[in-house]
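Here's the structure, in structure tokens; my notes come after.
The values are calculated or read from the model by the stated rules, or taken from the named source; none is laboratory data. For clarity, every value in this text was computed on a predicted model and none was experimentally measured. Counting neighbours? That spans all protein chains shown, and the Cβs are built from the backbone with ideal geometry, glycine included.
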2 protein chains.
Amino acid sequence: MPEKKKNISALNEKEGVSQLETLNPEAVKHLKNFKKKAQSVDELISGVLNKNQASLSRAITIIESTAQRHQQQAKEIIEKCLPHANQSIRIGITGVPGVGKSTFIESFGKLLISEGKKVAVLTVDPSSSISKGSILGDKTRMEDLVKEPNAFIRPSASGDTLGGVARKTRETIILCEAAGFKVILIETVGVGQSETAVHSMTDFFLLLKLSGAGDELQGIKRGIMEMADSIVINKADGDNLKAAKMAKNEFNRALHLYPPKESDWAPKTLLCSAIKNEGISEIWEVISTYFETVKANGYFQHKRKEQNKFWLMQTIESRLKSEFYANPLVKKELEKQLKALDENKTTPFEAAEKLLAIE
Amino acid sequence: MPEKKKNISALNEKEGVSQLETLNPEAVKHLKNFKKKAQSVDELISGVLNKNQASLSRAITIIESTAQRHQQQAKEIIEKCLPHANQSIRIGITGVPGVGKSTFIESFGKLLISEGKKVAVLTVDPSSSISKGSILGDKTRMEDLVKEPNAFIRPSASGDTLGGVARKTRETIILCEAAGFKVILIETVGVGQSETAVHSMTDFFLLLKLSGAGDELQGIKRGIMEMADSIVINKADGDNLKAAKMAKNEFNRALHLYPPKESDWAPKTLLCSAIKNEGISEIWEVISTYFETVKANGYFQHKRKEQNKFWLMQTIESRLKSEFYANPLVKKELEKQLKALDENKTTPFEAAEKLLAIE
């Protein structure tokens, strides 16, 4: 690649180009465009590394793009950013709609910024690919945070699949880290499996709750409580305070039913009122203690490695499946075998063998 | 296959064989053995179809065998039994150890037999492949049922993986059905994912519970309660009766938190005392109503089709994975890519692409 770029630069010297231009104007036009693009990718990368937010935004747009011409650029951007990534803490934040995620992130983000940290806020919301409505939503939801020069707010990438959205979000994390963001907050709206995806790309998982909302069972059922490193009961103010304190005890009891975590971290239950900025610094203290603990006992590094492995395997396996079923011969035979199954003329295992023999 | 057998029979005519024997005694020995085996598979199959339990047992042993020479025989047995299968109801039974599964199955099985039904009891227990201890265990656990000529009790197939055990169990179901068993009870000891496997091969899922055992949360957490078509609280007798009735109300309340089932069936909570034979016929009534309902609304047929699809996909996908990772080139590259990941020199998605390019 650098070899190629040098050649183009050499060609672009005034005399060389004008000479070539007379011979083949189309080629020169192409080369000029190529150089412009190559330059802009290089510019983008150095912009990102120089902590320029406009460059960061544009670079993320390229990564999120499904256009063929952006794929190679995206690869190059990520490759150049990778050596500068991984120097952050990644915090996942989830909770049902109405729990006050935006207010919490606004309040929490402002505290971190007041301590001199650069904070990026990303969202994982596979459903936003349909409505496309969250862009404006996110910006207005956090109206104070968005004005902070040390904050970067980016709504969910769109995508057909959670896997696609997750990949783009993971790559966006790399870019944000390369741009010097030391705290990455990843919010999920809790649709489908998105919590699991966010849990698989963050170091700390924070579950926001309301007192008496009656969604305890849902949280347990869907395995979300099990993932939490901390449960924070929001809106613990005024008339709500007493109920919130009771809920805190309830959650503490429920948390004790789970086996100890691999991280050796006992999940903490906390109270806060995001809208009144109460309890926020206590949450940050707990999170800081968590990071001290897991960095000291090696779990932090271990978990990031495991997450890399998880996404590697996940990507491979989903592609193996999609490629297998995309084969027209498989499609045809699958139809035949499903019919035979419906007529009790074969077993699923026999049918599977016939299908696997196609490859 | 029939073509081949005919030739062998022809050769086995006294004169033909003695003639060949002089020329090539080894070949004749081989042919005689071949005929013996072919005969015994045919004999086995007709034994199974004639409801001979000894034949059924031997046929299942062939299916469970990992020996290469049994694979073709197993295929033939299943193929011949398939047209006679699928005429049963399949009931999954689960519950924690100590809940009284064996006592319940003994009591329930005897009721069904008294109504003239033939009952097969199978177990799915992937852990039994280690201890191999359940064979004697199962037989002694149900000491009355085992004496009934219309009962057939078969412990869990052994196997390295739950997938392997599940496959063998599903094939055993086919054989039992071909042997005229109209009710198949499949018990699982609730280790790991075995409930999900049993749920995926039965029409009705019965969850046995004790009052005040405190495993409600476990059941919810692991998604087992969600699978239940009926929750039966066992040991509802004597001093326990009051607590059992309270538990019944609790479970009813919990069940209402779940969305309606695709089957349109509202799960029922019942009490019983298996050891005292109390409440057993009420359970059978509920189960009978279930089958009337789902056979009338088409869900019964739909679910069996979906289960076939599930096992087909499951088999394909697990084989795709195992074959991919078994490739020595993949193994080598995987090691390389995992190292690159650990050193932050690549992303999981980039690494996955490199690995997928190997194929």
Just one of A:214, A:180 is at pLDDT below 75 and either within 14 Å of chain B (Cβ to nearest Cβ) or surrounded by fewer than 23 Cβ atoms within 10 Å (Cβ to Cβ) (or both); which is it? A:214
What tally of residues in the range A:150-177 results from selecting those that are touching a residue at least 60 places away in the same chain (Cβ under 8 Å) and of a type in the set (A, V, I, L, M)? 5
Regarding the range A:322-336, can at least one residue be identified that is touching a residue at least 60 places away in the same chain (Cβ under 8 Å) and either more than 30 Å from residue A:112 (Cα to Cα) or more than 14 Å from chain B (Cβ to nearest Cβ) (or both)? no
In the set B:91, B:60, B:105, B:45, which member is at pLDDT 85 or above and either over 19 Å from the mean Cα position of the chain (by Cα) or within 14 Å of chain A (Cβ to nearest Cβ) (or both)? B:45
Which numbered condition residue B:235 misses (of (1) among the basic types (Lys, Arg); (2) surrounded by fewer than 16 Cβ atoms within 10 Å (Cβ to Cβ); (3) within 22 Å of residue B:109 (Cβ to Cβ)): (2)
If a residue has to be under 18 Å from residue A:307 (Cα atoms) and not charged (D, E, K, R) to count, how many in the range B:302-354 make the cut? 12
